[in-house]
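The values are calculated or read from the model by the stated rules, or taken from the named source; none is laboratory data. Please read these numbers as outputs of a predicted model, since none were measured by experiment. Here the Cβ is made from the backbone with ideal geometry for all residues, glycine too, and neighbour counts use every protein chain on show. Note: accessible area is taken over every heavy atom of the protein model, side chains too, but ligands, DNA and RNA are not part of it. Shrake-Rupley method; radii C 1.70, N 1.55, O 1.52, S 1.80 Å.
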Amino acid sequence: MSIKYPVSRMCGGHRIIIGVILCLFGLSIVQSMPPVKKPRKRRPATTDTRVYLVHADELRYDQYQNRNAQVLVGSVQFTHRGARLYCDSANFFEASNSFEAWGHVRMYQGDTLSLLSDYAYYDGNDELARARYNVVLKHRKSTLYTDSLDYDRMYDVGYFFEGGKLVDEGSILTSDWGEYHTDTKIALFAYDVELRNKQFFLTTDSLYYNTQTSMAHIVGPSDITSGNSHIYSEDGYYNSKTEHAELFGRSIMRNQGRTMVGDSVYYNGKDGMSYGYWNVEFKDSVNKNMLTGDYCEYDEATGYAMATKKAVAIDYSQKDSLFMHADTFKVFTYNIETDSVYRVMHAYNKVRAYRKDVQAVCDSLVYNQKDSCMTMYRDPIAWNNNQQIFGEEIRVYMKDSTIERAHVIGQAFSAELMNDSVNYNQVQSKEMMAYFTDGEIREADAIDNVLIVYYPIDDADSTLIGLNYTETPKMRMFLEKRKMKRIWFERPTGTLYPMTQIPPGKKLLPNFAWFDYIRPVSKEDIFNWRGKSDEQKLKPQKRREAPVQKLSANTPPTTEEVPHE
């Protein structure tokens, strides 16, 4: 038996049917919900949970073909607890307080939420809408696209499970499965997650995203790419609007061959600044060096880097790595993004360096990549095997990360401990120069007021012949395989004393000092500062300067006195 007639013409005997039809649809809006991981309790039911029909062009009832459903056709409109639903046609199941809807299905909850689809099933008792095909969920400025969505009005959450796309003010978030909470504005996406906008691209397997704050919470292995920068993290937060990242759990940041890793890393994409805290490593794989410390900074726009708190600079370009500790390291980059780019590193306060073949100590240090020069300031000391050198200032020039020459300026002193562990070869002068080939010293020069104590060795039995004491304005010594081949003096005066006739006070030069107790003995020992005693610290000597000529106000300068351009 089938009954069919327009809803607008029903009257009289049809009042019972009208009463049944009016027992349809009614929804109310949930105002709040706790965080995603802690659902709130189910809200108490009201006395009226029925679904109401507002309008339909036609209604028919067929208990056999439509499972006891009332069939509605044409401009169908329902309400249920504050929500409005529109569709082209529907089947209403009065007994279960539910309905099916087809064609241009639209549900509106207040003026902030709408749900569109080609088909939907709605359960008025559980307040659950199952929307299918071309589903669009709009909530304020966010829009979710999918083909299968279950929207639970009881808890203000929508679930999709066959792929979805969330568009939020220029950011696009896609995944295979996810849920979106309309009260907290939080979306949880899982499996093949991608988040992208004009500034960055993020891929992960699990992600929370807050559409109100544009904050993404990374909870699994994730990669973020922004220009030349790449971030890997398994725990952190990224704001897609401000491009600010807070990363934890040894997250990694990379930028054109430079890498920063730390227990906590903070990144600002707008100004390119990175900040690392605790066990931070900043590595430059191009130049094969790195900075470590408990606090580091890096500016990708200018190339500036800084490390402090247990800071260490490591150069691993050679067979053995060089480890250097200081209170603070700063690296400045000049002519960045040009072919003439170069860097200058400053290390200051209590610098200690260790490598198996060389060690050094000074108060501060500057390395200029442009001329490959490392300058050590304030009581610098350097050791190589059983040799020690110090002065007011030491400059070391490198070529391909290998020492090429060294220049000791002011109160220069070199000492070599002999094999008998008692006597020392010594050179004292105002300046010293040393030249190297493949890391081996080949020539050593001493300049101005040179004093020398040297112990010649008998080749027959390797015994000491005596002590050679020499004074000269200049000395030049040539070596091969660390052994002296020949020596040249300028107007020397000296004496050779047999070992049994060395006068008291001649064995050590006036400026002699052996600082073996200061010398770093391992890469761990660079953190243990041991400085000179006050009486052993060098007092810088004022260097002579050419006198400045003064001209009389009434006497014109001669040709020789006119400065050249």
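Checking Val396, Val408 one by one, the residue that is within 25 Å of Tyr334 (Cβ to Cβ), in a strand (DSSP E or B), modelled with pLDDT of 90 or more and not aromatic (Phe, Trp, Tyr) is Val396 and no other. Of all positions in segment 411-432, none carries a residue that is outside any loop (DSSP other than H, G, I, E, B) and in contact with a Lys or Arg (Cβ under 6 Å, 6 or more places away or on another chain). Scanning segment 88-126 for residues that are touching a His at 6+ places or on another chain (Cβ under 8 Å) and assigned to a loop (DSSP other than H, G, I, E, B) yields Thr112, Gly124. Can you find a residue that is in contact with a strand residue (DSSP E or B) (Cβ under 7 Å, 6 or more places away or on another chain), under 30 Å from Leu59 (Cβ atoms) and among the hydrophobic types (A, V, I, L, M, F, W, C) anywhere in segment 140-149? Yes, there is a match, as at least one residue in segment 140-149 is in contact with a strand residue (DSSP E or B) (Cβ under 7 Å, 6 or more places away or on another chain), under 30 Å from Leu59 (Cβ atoms) and among the hydrophobic types (A, V, I, L, M, F, W, C).
Within segment 131-202, which strands (runs of 3 or more DSSP E) (wholly inside it) include 1 or more residues that are of a type in the set (Ser, Thr, Tyr)?
Values: elements: 142-152, 157-160, 164-168, 171-175, 177-181, 186-196.
So the answer is 142-152, 157-160, 171-175, 177-181, 186-196.
The residues of segment 374-402 that are within 34 Å of the chain's Cα centre (by Cα), at positive phi and polar (S, T, N, Q) amount to a single one, Ser401.
Of the strands (runs of 3 or more DSSP E) that lie entirely inside segment 445-505, those containing 3 or more residues that are touching a strand residue (DSSP E or B) at 6+ places or on another chain (Cβ under 6 Å) and of a type in the set (S, T, N, Q) span 466-480.
Within segment 262-269, is even one residue in contact with a helix residue (DSSP H, G or I) (Cβ under 8 Å, 6 or more places away or on another chain), aromatic (Phe, Trp, Tyr), in a strand (DSSP E or B) and crowded, with 22+ Cβ neighbours inside 10 Å? Let's see the steps before the verdict.
Pass one, segment 262-269, residues in contact with a helix residue (DSSP H, G or I) (Cβ under 8 Å, 6 or more places away or on another chain): none.
Scanning segment 262-269 turns up no residue that is in contact with a helix residue (DSSP H, G or I) (Cβ under 8 Å, 6 or more places away or on another chain), aromatic (Phe, Trp, Tyr), in a strand (DSSP E or B) and crowded, with 22+ Cβ neighbours inside 10 Å.
Across segment 508-527, a minimum of one residue is classified as open to solvent by 70 Å² or more (accessible area, probe 1.4 Å), farther than 30 Å from Lys309 by Cβ and not hydrophobic (A, V, I, L, M, F, W, C). The residue that is farthest from Arg395 (Cα to Cα), counting only those in segment 333-349 that are in contact with a Gly (Cβ under 9 Å, 6 or more places away or on another chain) and open to solvent by less than 70 Å² (accessible area, probe 1.4 Å), is Ile336. Residues in segment 355-386 that are farther than 18 Å from Ile314 by Cβ, modelled with pLDDT of 90 or more and open to solvent by 50 Å² or more (accessible area, probe 1.4 Å): Tyr377, Arg378.
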